[in-house]
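The values are calculated or read from the model by the stated rules, or taken from the named source; none is laboratory data. Because the structure is a prediction, the values reported are computed rather than measured. Cβ placement follows ideal geometry from the backbone for every residue including glycine, while neighbour counts extend to all protein chains displayed. Accessible surface areas use protein heavy atoms only, side chains included; no ligands, DNA or RNA. Shrake-Rupley method; radii C 1.70, N 1.55, O 1.52, S 1.80 Å.
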Amino acid sequence: MDATSSLFGILYTFSASLLYPVIIILILLVVFSLMLIGEFLSEYAKRHRDIGNLELCCSKVREHVGSQEFEKAAGSLRNVKQNFMVTDFATSAADHLEKNMIPAIEWLSQEYEIRMAKRLEQTRIVATISPMLGLMGTLIPLGPALIGLSQGDIVQLANNLMIAFATTVIGLFAGSIGYVLTQIRKRWYWQDMADIDYILDTLEVGE
C-alpha cells in the first residue's frame with residue numbers, strides 16, 4: 001500500500017510540475033499564432049495571379065527554347081508576374097535556363113515545394129500542439145481542485161478551475177488560428193505548384 005501511495009505521489013508531483021511549462025508554452029503559442037496572422041496578411045497582400053501573363057510568357061519561352069535561343073527564353077521567363085513564390089521561382093529558373101541548365105530547374109522546383117511545405121509546417125504544428133497543451137492545462141489543475149473540494153477549500157477549487165478553463169480557451173484559440181491558416185495556405189500552394197508545373201511543362205523538364 002505504501003509503495004502504491006508513493007507511486008501515485010510521484011505521478012501527481014510529476015504532472016503538477018508540468019503546469020507552469022504548459023502555461024508558458026501556451027502563451028508563447030498564442031503570441032506566435034498572432035505573428036503568423038501578420039505574416040499571413042503580408043503574404044496575402046503579395047499574391048497576384050495573372051493567367052494571361054503566365055500563358056503569354058510561357059508561350060514565348062517555348063518558342064525561344066525550340067529555336068535554342070536560351071537568353072531570350074530566360075528574358076521571357078523573367079517577365080512572369082504571378083504570386084511571389086511563382087515569380088521568385090521563374091526568376092531563379094531563368095538563371096539556369098540562360099546557361100542551358102534545364103535539368104537543374106526540376107531540382108529547383110523541388111526546393112520550392114520543400115519551402116512551401118516548411119511554411120505549412122509552422123501553422124500545422126500550432127494547430128496540432130495547441131489543443132493538446134490546452135487539454136493538459138485543463139486536466140492538471142483538476143487534481144488540486146478536487147483536493148480543495150474534498151477539504152472544503154472553495155478558493156483553491158475556484159483558482160484551479162479558472163486555470164483549467166483559461167488554458168482550454170487559449171489552446172483552442174491558438175489551434176483554430178493554426179488550422180485556418182493551414183487550410184488557406186494549402187490551397188494557395190497547390191495553386192502555386194500548378195503554375196510552377198506549367199512552367200516546367202513549357203520547358204519540357206523531365207522528358
Entirely in region 41-157, the helices (runs of 4 or more DSSP H) that have 3 or more residues that are over 30 Å from residue 28 (Cα atoms): 51-66, 70-78, 84-98, 102-139
Conditions (1) open to solvent by less than 20 Å² (accessible area, probe 1.4 Å); (2) in contact with a Phe, Trp or Tyr (Cβ under 7 Å, 6 or more places away or on another chain); number of the one not met by residue 83: (2)
Single unsatisfied condition, residue 165 versus (1) over 15 Å from residue 19 (Cα atoms); (2) assigned to a helix (DSSP H, G or I); (3) without any contact (Cβ under 8 Å) to a residue 60 or more places away in the chain: (1)
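Residues of region 1-20 being open to solvent by less than 60 Å² (accessible area, probe 1.4 Å) and either hydrophobic (A, V, I, L, M, F, W, C) or at pLDDT 85 or above (or both), which ones? It would help to see each step written out before you state the result.
Let us first name the residues in region 1-20 that are open to solvent by less than 60 Å² (accessible area, probe 1.4 Å), namely 9, 15-16, 18-19.
16, 18, 19 - these are the residues of region 1-20 that are open to solvent by less than 60 Å² (accessible area, probe 1.4 Å) and either hydrophobic (A, V, I, L, M, F, W, C) or at pLDDT 85 or above (or both).
Just give me the residues in region 88-137 being open to solvent by less than 40 Å² (accessible area, probe 1.4 Å) and without any contact (Cβ under 8 Å) to a residue 24 or more places away in the chain, in sequence order.
Hits for region 88-137 are 92, 94, 104, 108.
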Subset of region 21-39 [open to solvent by less than 40 Å² (accessible area, probe 1.4 Å) and of a type in the set (Val, Ile, Thr)]: 22, 30
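Identify the residue in region 3-40 that is among the β-branched types (Val, Ile, Thr) and closer than 15 Å to residue 175 by Cβ and, among all such residues, is farthest from the chain's Cα centre (by Cα).
Step one: list which residues in region 3-40 are among the β-branched types (Val, Ile, Thr), which gives 4, 10, 13, 22-25, 27, 30-31, 37.
Within this subset, residues satisfying the condition of being closer than 15 Å to residue 175 by Cβ are 22, 25, 27, 30-31, 37.
On the way: 22: 21, 25: 18, 27: 18, 30: 15, 31: 15, 37: 11 Å.
Checking each candidate, the answer is 22.
Across region 44-58, which residue is nearest to residue 84 (Cα to Cα) among those that are open to solvent by less than 80 Å² (accessible area, probe 1.4 Å) and in contact (Cβ under 8 Å) with a residue 40 or more places away in the chain?
Pass one, region 44-58, residues open to solvent by less than 80 Å² (accessible area, probe 1.4 Å): 47, 50, 52-54, 57-58.
Narrowing the set further to residues that are in contact (Cβ under 8 Å) with a residue 40 or more places away in the chain leaves 47, 54, 58.
Working: 47: 6, 54: 13, 58: 17 Å.
Filtering first and then ranking leaves 47.
Give me a count of the residues in region 138-155 that are surrounded by fewer than 18 Cβ atoms within 10 Å (Cβ to Cβ) and not hydroxyl-bearing (Ser, Thr, Tyr). Spell out how you get there, then give the answer.
Filtering region 138-155 down to residues surrounded by fewer than 18 Cβ atoms within 10 Å (Cβ to Cβ) leaves 139, 142-143, 146-147, 149-155.
Those left that are additionally not hydroxyl-bearing (Ser, Thr, Tyr): 139, 142-143, 146-147, 149, 151-155.
Of the residues in that region, 11 qualify.
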Counted residues, region 169-207 - those being farther than 28 Å from residue 60 by Cα, buried (at least 19 other Cβ atoms within 10 Å of the Cβ) and hydroxyl-bearing (Ser, Thr, Tyr): 1
